[in-house]
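Note sheet for the following structure.
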Amino acid sequence: MSKPILAIVGRPNVGKSTLFNYIGQKRVSIVEDIPGVTRDRIYLDAEWLGREFTMIDTGGIEIESSDKILTAMRYQAKLAIDEADAILFIVDGKVGLTSADEEVAIILRNTRKPVILAVNKVDNMNKANEIYEFYNLGLGDPIAISAANALNIGDLLDEIVKRLPNEEIQEEDNEKIRVAVIGRPNVGKSSLVNRLVGEERVIVSDVAGTTRDAIDTHFTKDDTSFVLIDTAGMRRKAKVELPVERYSVMRALRAVDRSDVVLIVIDAVDGVTEQDKKIAGYAHDAGKASVIVVNKWDLLEKDGKTSLRYTETIRTELAFMQYAPVLFISALTNQRVPRVTELIKFVAEQHTMRVATSVLNQVVEDAVSINPPPSQYGRRLKIYFTTQPNVKPPTFVFFVNEPDIMHFSYLRFLENRLRESFGFEGTPLKLVVRGRKEEE
């Protein structure tokens, strides 16, 4: 299922990033008292009263600006608005109503989407009546807040969740394996989809950005049903200066959220780029099973060790994704493309694998006997019990005496032992440490 999306928009320097960070409880967006600091869309999951949603922090909308960066920010914000289920419009209570606010309001009214109007920087709620001028925007009742001082944020969140879709989008075809095909523009994602389904279902062009939408393609192979989600290529922010770049990163991220397995497509000629790392990192953080597909393999000059060297480079560049199998293909010539569906099925099974509790605890006990847990200030960590409450990704909870002395390096050791014992190839593992008295 996909979470509802809330786009946070407004002029530069009205406090969007400060509010974004407070709601998300993480300092993700850079906050500086300089207009234009947030140049790209940033995404973060949030929750209020049991309702989960994804926020998009956008660069400020400057209607009249001809500056290239501000123009790019304006298009980024508009793309975010297009993808959002609801929009949070933030204005500056200290500056008051501006003509730029009125221009943004016109854009928002034309979207016909739910809009929540927040008047920020109202540091004294006794002066909240000063927000009345913002009724002129025609966007309903303005809500006075102070993001910096965390004033009235609860009331704002109450209003936000009222405007979001009543239920998260439920995906059909639960028995099908849903596969997101992601990667930078022009790495051959659409060509790969066409090869997998055996027909020209998706427009293929050597012009980057041809694929604008996330397209679901259903097919069956060897009695297994798949849904392929081909997505617009993800391009780094420096390439988003022109309106022709109307691809949507948000659709690609939403496709990852909807998927069981992610195919991370890399161009063999270009190698692993910084943007590839970001794309792979999102799939990893989302807990999705993944396969690294190196396309255009036919274009490289090769010797007997080319694939080995290339794999080592990928393992170095994508060090956080050691578990993902690597497959070298050519969508153009169909080289090793049939192996793609085999790997999808394999990692999907690993993604849903459950381990019997008794067997799991025996493996952990053996690991502890080989490499005892660390101690700190005379306190030694003790692991009392281990259980696996969830899959997709496989999740393991370790009940210990003192969680604060569990070092990340020892967790990594335990993860390696779990992988050695059970496989879990192609899927991240989620390891949780709890005190003995904490409820599961």
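Annotation: residue 399 carries an accessible surface of approximately 20 Å², with a 1.4 Å probe and no ligand, DNA or RNA atoms counted. Legend: calculated FRET efficiency, residue 380 to residue 334, from the Cβ-Cβ distance at R0 = 60 Å, rounded to 0.05, equals 0.60. Couplings 3J(HN,Hα) of the range 325-339, computed from phi: x, 10, 10, 9, 9, 9, 5, 5, 9, 6, 4, 6, 4, x, 5 Hz, in residue order, whole Hz [Karplus 6.51 cos²θ - 1.76 cosθ + 1.60, θ = phi - 60°; x for Gly and Pro].
Solvent-accessible area per residue in the range 282-368 equals 48 Å², computed with a 1.4 angstrom probe and all protein chains kept. The fraction of accessible area contributed by carbon and sulfur in the range 300-440 is 50 percent, rounded to a whole number (1.4 Å probe; ligands and nucleic acids excluded).
Peptides 290-301, 352-363 ordered by packing proxy, namely the average of other Cβ atoms within 10 Å per residue, highest first: 290-301, 352-363. The HN-Hα couplings worked out from phi for the range 360-373 by the Karplus form 6.51 cos²θ - 1.76 cosθ + 1.60 (θ = phi - 60°) are 4, 5, 5, 5, 5, 4, 5, 4, 5, 5, 6, 9, x, x Hz, whole numbers, x standing for Gly and Pro. Pairs from the list 189/278; 392/430; 113/189; 3/288; 189/288; 221/278 with a Cα-Cα gap above 20 Å: 113/189; 221/278. Segment residue 129..residue 436, full-extension length gain: 105.4 nm, with 0.36 nm per residue of separation and the alpha-carbon distance subtracted.
Simple point charges give the picture: +1 on the Cβ of Lys and Arg, -1 on the Cβ of Asp and Glu, and for the range 286-372 a dipole about the Cα centre of about 260 debye.
Once the Cβ-Cβ distance of residue 136 and residue 52 is raised to the sixth power relative to R0 = 41 Å, the FRET efficiency obtained is 0.75. Taking the convex hull of the alpha carbon positions in the range 322-440 and averaging its projected area over all directions gives 8.4 nm². With each label modelled as a point 7 angstrom along the Cα→C-beta vector, the residue 362-residue 102 pair spans 7.7 nm. For residue 144, the residues whose amide H sits under 5 Å from its own are 119, ignoring neighbours fewer than 5 places away on the same chain, with H placed 1.01 Å from N.
The values are calculated or read from the model by the stated rules, or taken from the named source; none is laboratory data. None of these values were measured; they are calculated from a predicted model. Cβ coordinates were reconstructed from backbone atoms using ideal geometry, including for glycine residues, and neighbour counts include every protein chain displayed. Calculation scope for accessible area: heavy atoms of the full protein, side chains included, ligands and nucleic acids excluded. Shrake-Rupley method; radii C 1.70, N 1.55, O 1.52, S 1.80 Å.
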